[in-house]
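Working notes for the structure below.
Since every read-out is calculated from the coordinates, none of them should be taken as a lab result. What you see is a predicted model; the values in this text were computed from it and never measured. Virtual Cβ from ideal backbone geometry, glycine too; neighbours counted across all protein chains shown.
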Amino acid sequence: MRIGELSARTGTPARLLRYYEEQGLLAPERRANGYRDYGEHLVDRVQQIRGLLESGLTTRLIRNVLPCLADNPCGITIADAGPEVLALLRHERDRMDARISCLSRNRDAIDAYLAKVTRPMIEPSVTVATAADRDAVVATFVAAFAADPALRWFLPDDATYPAEAAAMAGSLFDLRVGHGTVWLADGGAAVAMWDPPRSPGGPGVEHPPQAGRFGRYQSIVHTKMPQTPHWYLGVLASHPEHRGRRLGRAAMAAGLARAAADGLPAYLETSNPGNVEVYRSAGFGVVESLHVDDLPVWIMRCDAGSRRTTS
């Protein structure tokens, strides 16, 4: 074969193949017309050379080692090795042994970790919450939003956060649970709290005015929501111990399905820029961005035609 084909088959640039030849590592045959002919056996030989170079051997040492790796079809002879070469080769062999041992331990550690964290992909159980689920919902809320930009803007004190966040979660849950619009995934590992659409003059979720930063946030953000009927996702939380299992998406999907059945859009807002892309992947799009003091807020809408699967 020509050098271009050998280069393509081994992923080795032609200039390196010429360098290997200059160093006495490759010995192509010559055709009658003078062109080099790289035999099939040189595909393995090049891969062996690259592996030895990556292991740290010099081309000088590789010249001594190559004849011992396979049959010797290219005429390379085993050179007499002096004490210096033998010492270098023994040193490189010992270094390789240490590296192999380290890699083996690391591989075993990764295997052990994967065995612990890999769970079978079981479809999560999604249920409508009842008053009996209040404690599970509160625990998930408090853990999920411990570093959330918006909630920590409302509740910045680390010492009082757990109690204040629990009180807020309980209040938001109590407002919605009676409407049957709080969905849980796997018994509360994730929770989605929705406001159903309010028909003119009809019942709906009444959010009493709040004091402090939360009240200021409500007075600005909630006035940006449409006055026409829609579903509103007020809270979506996944317990940190269960992240990566897409439980939040599963809980959210139940409300999106209700909105689609009603032929209505779904709205939400977030102050976490990372969540914007997450919600986009579920079919939401940003319709407005604003600031409440120094807190950024993105208002997002999802129409029935843009819903995506959450599996």
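LYS116 to THR59: extension gain in nm, 0.36 nm per residue of separation minus the Cα-Cα distance? Mind showing how you got there, number by number?
Details: separation 57, 0.36 × 57 = 20.52 nm, distance 4.36 nm.
Residue separation times 0.36 nm, minus the Cα-Cα distance, leaves 16.2 nm.
Decide, for region 118-170, between rounded, prolate and oblate: order the square roots of the alpha carbon gyration tensor eigenvalues as a ≥ b ≥ c, take rounded if a/c falls under 1.5, and otherwise choose prolate if a/b is larger than b/c, else oblate.
It comes out oblate by the Cα gyration axes.
Between rounded, prolate and oblate, where does region 161-287 land on the alpha carbon gyration tensor, with a ≥ b ≥ c its root eigenvalues, rounded for a/c under 1.5, else prolate if a/b exceeds b/c? Spell out each step's value before the answer.
Details: a/c = 1.32, a/b = 1.09, b/c = 1.22.
Cα axes put region 161-287 in the rounded bin.
Quick check on region 186-255: take the gyration tensor over C-alpha atoms, sort the square-rooted eigenvalues as a ≥ b ≥ c, and tell me if it's rounded (a/c under 1.5), prolate or oblate. Can you show the working numbers first?
On the way: a/c = 2.66, a/b = 1.57, b/c = 1.70.
Oblate, since a/c reaches 1.5 and b/c is not below a/b.
Using a Förster radius of 22 Å, what is the FRET efficiency between ALA257 and HIS222 based on their Cβ-Cβ separation? Nearest 0.05, please. Provide the component values of the computation, followed by the final result.
Working: r = 24 Å, r/R0 = 1.10.
Efficiency, from the Cβ-Cβ distance: 0.35.
Need the full-extension length gain, MET1 to ALA32, defined as separation in residues times 0.36 nm minus the C-alpha distance. One decimal, nm.
That pair, MET1 and ALA32, stretches by 9.7 nm at full extension.
Given R₀ = 35 Å, what would the calculated FRET efficiency be for THR127 paired with ASN106, taking r from the Cβ atoms and rounding to 0.05?
0.25
Mind checking which helices in the chain clear 27 Å along their axis (Cα) and have mean Kyte-Doolittle hydropathy of -1.0 or more, DSSP H runs only? Intermediate values should be presented prior to the final figure.
Numbers: long enough: 83-117 (51 Å, -0.38).
What comes out of the filter, once short or polar helices are dropped, is 83-117.
Would you compute, from DSSP H runs of 4+ residues alone, the mean residue ellipticity of the chain at 222 nm, taking -39500 (n - 2.57) per run and dividing by the full residue count, rounded to the nearest 500? Intermediate values should be presented prior to the final figure.
On the way: 11 runs with 142 residues, N = 311.
When only DSSP H runs of four or more count, the value is -14500 deg cm²/dmol.
State the dimensionless ratio Rg/Rh of the chain (Rg: radius of gyration of Cα atoms; Rh: Kirkwood radius).
Numbers: Rg = 32.7 Å, Rh = 25.2 Å.
With Rh from the inverse mean 1/r over Cα pairs, Rg/Rh is 1.30.
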